[in-house]
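Novice: One structure follows; several queries about it will come next.
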Amino acid sequence: MAKGGFGGYGGMGGMNMNNLMKQAQKMQKQMADAQKELEEKEFEITSGGGAVKVIISGNKTVKKIEISEDVVDPDDVEMLEDLVLTAVNEAIRTVEEAAAGNMSKITGVGGIPGLF
């Protein structure tokens, strides 16, 4: 039976673990910085050829919804609701894609759904 019991994972293992921990801490800071940067951004999304505009922050808070007077038809409220719904959902999707893009830059791995 070999002495040491770990098949040669002696002194070098500790150094590699320290390097790994430093890299993890660096990545964690980069992720926090990227998250903060994303939260400070605002995204502008439109639907209906610009009839409805949604402004959303990087932390998925809808800041403003603008609706063109031309699209306000009391006899067709359903169309307006659809335009607003489309714009809001696209705004959320845009923020999620931006977050995934930031993550892949840091980790080198494609976006992880639900991470942010």
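The values are calculated or read from the model by the stated rules, or taken from the named source; none is laboratory data. The structure presented is a predicted model; accordingly, all values stated were derived computationally and were not measured. Neighbour counts are summed over all protein chains in view; Cβ atoms, including those assigned to glycine, are modelled from backbone coordinates with ideal geometry. Accessible surface is based on the protein model in full, side chains and every heavy atom, while ligands, DNA and RNA are left aside. Shrake-Rupley method; radii C 1.70, N 1.55, O 1.52, S 1.80 Å.
Novice: Could we say that Glu66 is open to solvent by less than 100 Å² (accessible area, probe 1.4 Å) and either at pLDDT 90 or above or at negative phi (or both) here?
Specialist: Judged against the criteria, Glu66 is a match.
Novice: Looking at (1) open to solvent by less than 50 Å² (accessible area, probe 1.4 Å); (2) without any contact (Cβ under 8 Å) to a residue 24 or more places away in the chain, which is the one condition that is false for Met79?
Specialist: Exception for Met79: condition (1).
Novice: Within region 31-41, does at least one residue satisfy the condition of being surrounded by fewer than 11 Cβ atoms within 10 Å (Cβ to Cβ), small (Gly, Ala, Ser), free of Cβ contacts under 8 Å to residues at least 24 places away in the same chain and not in a helix (DSSP H, G or I)?
Specialist: Keep residues of region 31-41 that are surrounded by fewer than 11 Cβ atoms within 10 Å (Cβ to Cβ), which gives 32, 40.
Narrowing the set further to residues that are small (Gly, Ala, Ser) leaves 32.
Imposing the further condition that a residue be free of Cβ contacts under 8 Å to residues at least 24 places away in the same chain reduces the set to 32.
Narrowing further to those that are not in a helix (DSSP H, G or I): none.
No: zero hits.
Novice: From the list Asn102, Asn89, pick out the single residue that is under 26 Å from Asp33 (Cα atoms) and at pLDDT 95 or above.
Specialist: Values: Asn102 fails: at pLDDT 95 or above.
After applying the criteria, what remains is Asn89.
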